[in-house]
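Taking it in order: structure first as structure tokens, then the write-up.
Derivation of every value follows stated rules applied to the coordinates shown; laboratory data play no part. Note that the coordinates shown come from a computational prediction; the quantities given were computed from them, not determined experimentally.
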Amino acid sequence: MEHPKVAADYLEPASFFDIYNEEDFFLNNCLLKGEFIDQEKIQRPTLEQVVVNHVTFSSCDFNRADFTDVIFKSCDLSNCQLDEVSFYRVEFQNCKLIGTNFDQSYFNNVVFENCRMDMANLNRMNLKNTDFVNSSLKDVSFNENKLVKTHFRNCELTKLTALNTPLKGIDLSDCQFETIDLDRNYLRGLQVNAEQAVFLAQYFLDIKIK
């Protein structure tokens, strides 16, 4: 896992709206803090070496954005459109991403830690070196994904749906779920704990455990 390459002590304070000063919607080497961004729509914005701290993005659309070496701290990106976005060395810390759309995005060295991602859409994605840690992914759509070195650690996964997604090497043993919808054709190699194994046996094989 590679972490964002950001020299936090040398970042220049800036406003997100400075992105409009560049013809190609580009922000780099800066600190964004304490802003409210409402329903902005930008095609292909680029952020490089940026820390975003306590910023709310309300129903924004950043289709095909490129985020490289970016840290989001205590931000709210709920209901934002982040589809077809490239994330490289990006961390989300204590963020709210409820209903956020990441469909067809690319994750490489991405961490979600202590995040609320309930009802988010993460479909048809490529995930490489991606960690979900101490986060809530209730009722998340996680279909048709390609996973390489993807980890779930102490996450809430109730009602998560993961169809047409090979789960070989995925370890859910320290995660929690009351119900979960997985594709039986792609379960081979999935690691679960004993209680989860009982649920899956009952769900997929109609085995009654007494």
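Cross-link reach is defined here as a Cα-Cα straight distance under 26 Å, omitting same-chain residues fewer than 8 places apart; for LYS159 the lysines meeting it are LYS96, LYS128, LYS138, LYS146, LYS149, LYS168, LYS208, LYS210.
For log10 I(q)/I(0) by the Debye sum over Cα atoms at q = 0.11, 0.18 Å⁻¹, the candidate list reads [x] -0.59, -1.39; [y] -0.52, -1.23; [z] -0.65, -1.22; the entry that matches the value derived from this model is [y].
Our summary gives the stretch 1-100 a relative contact order of 24 percent, counting only alpha carbon pairs under 8 angstrom and 6 or more residues apart.
Dividing the summed -39500 (n - 2.57) terms of all DSSP H runs of n ≥ 4 by the residue count of the chain sets its mean residue ellipticity at 222 nm at -2000 deg cm²/dmol.
Only Cα pairs under 8 Å and 6+ residues apart enter the sum, and on that basis the relative contact order of the chain stands at 11 percent. Radius of gyration (Cα atoms) of the stretch 63-107, expressed as a multiple of 2.2 N^0.38 Å: 1.06. Computed from phi, the 3J(HN,Hα) profile of the stretch 107-122 under the Karplus parametrisation 6.51, -1.76, 1.60 (θ = phi - 60°) reads 10, 9, 6, 10, 10, 10, 10, 6, 10, 9, 10, 4, 6, 6, 10, 10 Hz, with x in place of Gly and Pro.
Could you check how many percent of all C-alpha pairs in the stretch 37-117 are farther apart than 16 Å? Here the long-distance tail beyond 16 Å is 46 percent of all Cα pairs in the stretch 37-117. Close amide H contacts of LEU190 (hydrogens built in the peptide plane, cut-off under 5 Å, sequence separation of 5 or more or a different chain): GLY169. A cut-off of 5 Å between modelled amide H atoms, ignoring neighbours fewer than 5 places along the same chain, links ASN29 with GLU48, GLN49, VAL50. Between the Cα long axis of helix 194-205 and the first principal axis of the chain there is an angle of about 70°, rounded to the nearest 10.
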